[in-house]
Amino acid sequence: MSELHHLSTQQLITGLQAKQFSSLDLTEHFIKRIDALDSKINSFITHTSETARAQAQAADEMRAQGDKRPLLGVPMAHKDIFCTQGVLTTCGSKMLHNFVSPYSATIVTNIDKAGMISLGKLNMDEFAMGSDSSSSYYGAVHNPWNLEHVPGGSSGGSASAIAAGFIPLATASDTGGSIRQPASFCGLTGIKPTYGRVSRFGMIAYASSLDQAGSLGRSAKDCAYLLQPMIGHDPRDATSIKHDMPNYVQDINEAEAQAGDKPLAGLRIGVAKEYFSEGLNAEVDQLVRAALQQYEDLGATVVEVNITDPEITLATYYMLAPAEASSNLSRFDGVRFGYRCDNPKDLIDLYTRSRSEGFGPEVQRRILMGTYSLSAGYFDAYYIKAQKIRRLIIKDFDDAFAHCDVIASPTAPTAAYKLSENLDPATMYLGDVYTIGVNLAGLPALSQPVGLTAAGLPVGLQLIGQHWQESKLLTTAHLFQQRTDHHLQHSAIAKETV
Ligand code: GLN
């Protein structure tokens, strides 16, 4: 049997059922790897190894007594944006360096109920603002494919931990690409569901009209397994929506059972020239086009569609997301929880110094930009105008979907860059150009690996679906992955044995 950390979720489940290994064996295997190798990656902020061991033992006993929950005893970890009762929840910030949440996010509770074992909390850009996981108060995260490179962000801890073979699955959040872009940089599959599909209760808010939780794994089927317990209506989140409850793994299995030698016959893939614009790196362009050719070989047809110019979308996002952030982050004031400055002179001094000392530079920049565009005199010119353009972006996607079933694009314009490049903010924002439209329109989208650059760094292809069609995206990517091996490549750290 290959190393346990190379197994798919399906293989982990089958192995547990067949008693080839126990949940405790798996948990010990992953803890050992984290202890030996995470000093190179910095993917975890908090370890919960002791509770994980106890939970794994309990899971093994429950399984022996006939408990049939499929994910029972399968290890995972949470992005540190999700509140976990009794466990430190920092959101990558000094502001929450001492915040032990009194309650758990709905998705954390649901994943617990599925019987999964959490190994801890994963590093991220501070308050999920960023694209390379370098803005964390707990130190930058490194890419397991090449330690000099960034893992993407903001869910860089989630992605790097899977790519390093520290956990098979992780939760993550995506406001403008934070699941898909790290998936692309780390050679993983990651899905951002339709807005409203997954509860936001207990997920620390960045931009509430854009934030959505999702799953990261090595394959589409792995993502399907973890997404399943996350979805569903939650009365504690007013934006969560009652909708049909698909069974993603079953859908994948049925599609596979029906697949002939042209498994994707009939699928129309929309390709927009706007997504293959000037700033696109030539190697990324070539790998994404080669993957589209592979899709065609599997029976899909490529059709040309038009979407809003991504530069307009980018400007719209960077107007709206900071505006919402400035409002959401006003709750961190040093009074009831989180960081508080020493010896405040008075209330204003307490607010001002707690916020200036507790928030890092990128978060302060967003709060300033957002507060500016929401102030009297600028509100109509910036915020309202951006809201109107958002409406047009949604319409352009609707029009495009009249001609195709899914839309494909590069996930990001480049592969992972070097941490030492230390991008200025505006250049970093440009890297989000292909992912943010999806959040503005509330659509589901995934990123899947489609090969390596000459320097050995992964590249991702984004598939965008219509509202509620996560299943279509997951089955499409799965049928592709059944016949290709991009998702089976291992990073340098994953190849290390301990
Ligand atoms: N990089 C984008 C930003 O900084 C998206 C982040 C995210 O999806 N959380 O806003």
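Worth pointing out:
- Using the rule -39500 (n - 2.57) for each DSSP H run of four or more residues, divided by the residues of the chain, the 222 nm mean residue ellipticity is -12000 deg cm²/dmol.
- Placing unit charges on the Cβ atoms only, positive for Lys and Arg and negative for Asp and Glu, gives the chain a dipole magnitude near 860 debye about its Cα centre.
- Order by protection proxy (mean Cβ within 10 Å, highest first), peptides 65-73, 359-367, 185-193: 185-193, 359-367, 65-73
- Fraction in percent of alpha-carbon pairs per bin - 20 Å, the chain: 25, 59, 15, 0
- Net charge of neighbours whose Cβ lies under 14 Å from the Cβ of Leu488, counting Lys and Arg as +1 and Asp and Glu as -1: +1
- Local net charge near His142, Cβ-Cβ under 13 Å (Lys/Arg +1, Asp/Glu -1): -1
- Each of Cys404, Cys341 has some number of other Cβ atoms within 10 Å of its Cβ, and from fewest to most they run Cys341, Cys404.
- Each peptide in 119-125, 43-49, 82-88 receives the mean, over its residues, of other Cβ atoms within 10 Å, and ordering these scores from highest gives 119-125, 43-49, 82-88.
- Net charge contributed by nearby residues that have their C-beta within less than 10 Å of Phe276 (K/R +1, D/E -1): -1
- Efficiency of FRET between Ile312 and His47 - r from beta-carbon atoms, R0 45 angstrom, step 0.05: 0.55
- Rounded to 5, percent antiparallel among DSSP beta bridges of the chain: 70
- Point-to-point label distance, Gln258-Leu368, nm (Cα→Cβ direction, 7 Å offset): 5.5
- The slack between Asp67 and Ser420, meaning 0.36 nm per residue of separation minus the straight C-alpha distance, is 122.1 nm.
- By the beta-carbon count within 10 Å of each Cβ, the least crowded to most crowded order of Asp333, Asp297, fewest first, is Asp297, Asp333.
- Inter-centroid distance (Cα atoms) of the range 117-150 relative to the range 176-250, Å: 19
- Coarse-grained scattering of the range 317-433 at q = 0.12, 0.14, 0.17 Å⁻¹, given as base-10 log I(q)/I(0) from a Debye sum over alpha-carbon atoms: -0.67, -0.84, -1.03
- Remark: spin-label model distance Tyr378-Glu148 equals 3.9 nm, labels positioned 7 Å along the Cα→Cβ axis.
- Placing dummy labels 7 Å off each Cα toward the beta-carbon, the span from Asp342 to Lys242 is 5.5 nm.
- P(r) weight above 21 Å for the range 254-320, C-alpha pairs, percent: 43
- Anisotropy class of the range 140-185 from Cα gyration tensor, a/c 1.5 cut: oblate
- Separation of alpha-carbon centers, the range 394-464 and the range 52-91, rounded to whole Å: 32
- Span per principal axis, largest first, for the Cα atoms of the range 239-388 (Å): 73, 38, 32
- Between the residues Ala105, Ser133, Gln11, the greatest Cα displacement towards the positive end of the dipole of the chain, with unit charges on the Cβ of Lys, Arg, Asp and Glu, is found for Ala105.
Throughout, read-outs are computed from the coordinates displayed, never taken from laboratory work. On a predicted model such as this, the values are computed, not experimentally measured, just so you know. Note that we place each Cβ from the backbone using ideal geometry, even for glycine, and neighbour counts take in every protein chain shown.
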